[in-house]
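Taking it in order: structure first as structure tokens, then the write-up.
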């Protein structure tokens with residue numbers, strides 16, 4: 001299941017560019033760009049760091065794009 005995210009939206013609301021967010025979470029600008037485009041899924045640790053920057057939870061930043069058929 002593809003992982004969607006609200007990273008670009010949250011970043012813009014906080015006035016951060018990709019480089020600044022990367023610096024805050026210990027990742028490169030390129031990694032942030034890949035995550036935003038959906039070309040890279042962050043580790044749990046990185047997802048938690050990103051959520052912390054925005055004062056929110058991981059599931060408010062990242063979400064599954066298709067429903068799981070349990």
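Only the coordinates and a few stated rules stand behind these numbers; no lab work does. Computed from a predicted structure; not experimentally measured. For neighbour counting, all protein chains shown are included, and Cβ atoms are generated from backbone atoms with ideal geometry for every residue, glycine included.
Looking only at residues that are under 16 Å from residue 6 (Cα atoms) and surrounded by fewer than 15 Cβ atoms within 10 Å (Cβ to Cβ) in region 23-39, which one is farthest from the chain's Cα centre (by Cα)?
Across region 23-39, the extreme among qualifying residues is 39.
What do you reckon, is residue 13 surrounded by 10 or more Cβ atoms within 10 Å (Cβ to Cβ) and touching a helix residue (DSSP H, G or I) at 6+ places or on another chain (Cβ under 7 Å)? If you could, list the steps in order and put the result at the bottom.
Numbers: surrounded by 10 or more Cβ atoms within 10 Å (Cβ to Cβ): yes; touching a helix residue (DSSP H, G or I) at 6+ places or on another chain (Cβ under 7 Å): no.
Here the answer is no, as residue 13 does not meet what is asked.
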